[in-house]
1. List pairs: first residue in region 108-137 and farther than 16 Å from residue 252 by Cα, second residue modelled with pLDDT of 90 or more and surrounded by 11 or more Cβ atoms within 10 Å (Cβ to Cβ) anywhere in the structure, Cβ distance under 9 angstrom, at least six positions apart or on different chains.
2. Look through 293, 251, 196, 231 and report the one residue that is within 28 Å of residue 129 (Cβ to Cβ) and either part of a helix (DSSP H, G or I) or without any contact (Cβ under 8 Å) to a residue 40 or more places away in the chain (or both).
3. Say whether the condition of being free of Cβ contacts under 8 Å to residues at least 40 places away in the same chain and not in a helix (DSSP H, G or I) is met by at least one residue in region 161-170.
4. Could you tell me whether any residue of region 264-285 is farther than 30 Å from residue 97 by Cα, in contact (Cβ under 8 Å) with a residue 60 or more places away in the chain and surrounded by 14 or more Cβ atoms within 10 Å (Cβ to Cβ)?
5. Please give the helices (runs of 4 or more DSSP H) falling wholly within region 2-87 in which 3 or more residues are within 19 Å of residue 320 (Cβ to Cβ) and modelled with pLDDT of 85 or more.
6. Given the options 197, 167, 216, name the one that is over 30 Å from residue 228 (Cβ atoms) and over 60 Å from the mean Cα position of the chain (by Cα).
7. Among the listed residues 170, 130, which satisfies the condition of being of a type outside the set (Asp, Glu) and surrounded by fewer than 13 Cβ atoms within 10 Å (Cβ to Cβ)?
Amino acid sequence: MARGGVNKAVVQIARTAILARGEHPSIDAVRIEIGNTGSKTTIHRYLKELDEADSRRVIPQEQLGDELGELVARLAQRLKEQAQEPIDRAEAQYEQLKTELREQLAQAQQAQEHLQQQLEIQTNALQQESANLESTRSMLQTEQTRNAALNQACSDFELRLNDRDEQIRSLEEKHLHARDALEHYRSAVKEQREQDQRRHEGQLQQIQMELRQAQQSALVRQDEITQLHRDNERLLSESRALSKELNQANDQQHKLSNLNERLNTHANQLDSERTLLQERLRVASQESQALKDAHAQTLEANAALTLRALKAEAALDSLKAHPPAAPKTEEGE
């Protein structure tokens with residue numbers, strides 16, 4: 001059996017190529033043509049069979065040229081197809097990888113824009129909450145100032161009420177003194193009793209009127225004090241509610257700050273992923289360039305094969321013009 005894949009067809013192709021160059025297809029020449037492989041005995045046997053087949057049939061020179069040209073063309077086409085197949089697969093893989101990377105980059109950019117919009121919305125909300133907080137603080141300060149003023153007014157009313165009580169006690173003492181004086185005058189001066197009595201009654205009415213006025217004024221002041229106490233309690237309740245709202249606003253601001261930090265962290269992660277995708281795209285571009293270089297080399301190899309085919313055709317034309325002499329059979333090892 002032939003070694004290294006050498007068979008009769010391979011020997012025939014090598015023999016035909018040597019004859020096309022106008023050389024004698026010896027065993028060594030055929031062995032060199034097929035890459036220094038195969039047994040010389042096997043090559044000799046195949047050459048002998050081919051020579052005998054050539055001697056049994058007479059092939060027109062033109063038909064031999066056509067068959068050789070067709071054989072060389074098929075061989076070149078097959079080599080070209082075999083070289084083109086891995087290039088096509090590599091280009092398809094490159095295009096698929098490039099499309100996937102572009103889609104991933106577009107998705108990452110879209111996600112980053114969405115997060116940026118959310119960040120802007122949260123920032124605006126935080127600014128609005130900060131403005132509301134400042135407004136609440138200002139209202140609280142105003143209410144506290146008003147509460148202090150009301151407390152001061154309440155203290156002033158209490159002082160005035162004490163002054164009124166002191167006046168009432170003074171009037172009562174005067175009233176007692178007047179009654180004592182009246183009794184003294186009634187027992188001492190009987191003649192002037194009526195006059196003194198009228199005067200006393202007039203003074204008494206005046207005193208009673210002043211007493212009623214003082215009592216009414218005291219009632220009015222008492223109502224004002226009660227209303228002031230109610231207003232004070234209402235302001236204290238409003239102050240507690242404002243303090244509660246202020247605490248809630250501070251909590252909301254703290255939550256928004258945490259959310260802002262998380263959004264910034266997520267945005268940084270997206271930037272890192274985008275950098276990684278860009279690096280992968282750069283590597284894919286380099287691989288594409290390498291594949292293009294390999295494709296160019298394959299094209300050069302195909303061109304070389306085409307040139308060899310053209311040379312073979314030229315040699316065949318030369319062989320047609322100058323047919324070689326019948327080769328002698330050479331014994332192998």
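1. That search, which allows pairs on different chains as well, returns nothing.
2. Result of the check over 293, 251, 196, 231: 251.
3. No: zero hits.
4. no
5. On the way: elements: 8-20, 27-33, 40-56.
The helices (runs of 4 or more DSSP H) meeting that bar are 8-20.
6. Only one candidate qualifies: 197.
7. Numbers: 130 fails: surrounded by fewer than 13 Cβ atoms within 10 Å (Cβ to Cβ).
Within the list 170, 130, the selection yields 170.
The values are calculated or read from the model by the stated rules, or taken from the named source; none is laboratory data. Source: prediction; values computed, not measured. No Cβ is skipped: glycine too gets one built from the backbone with ideal geometry, and neighbour counts run over all protein chains shown.
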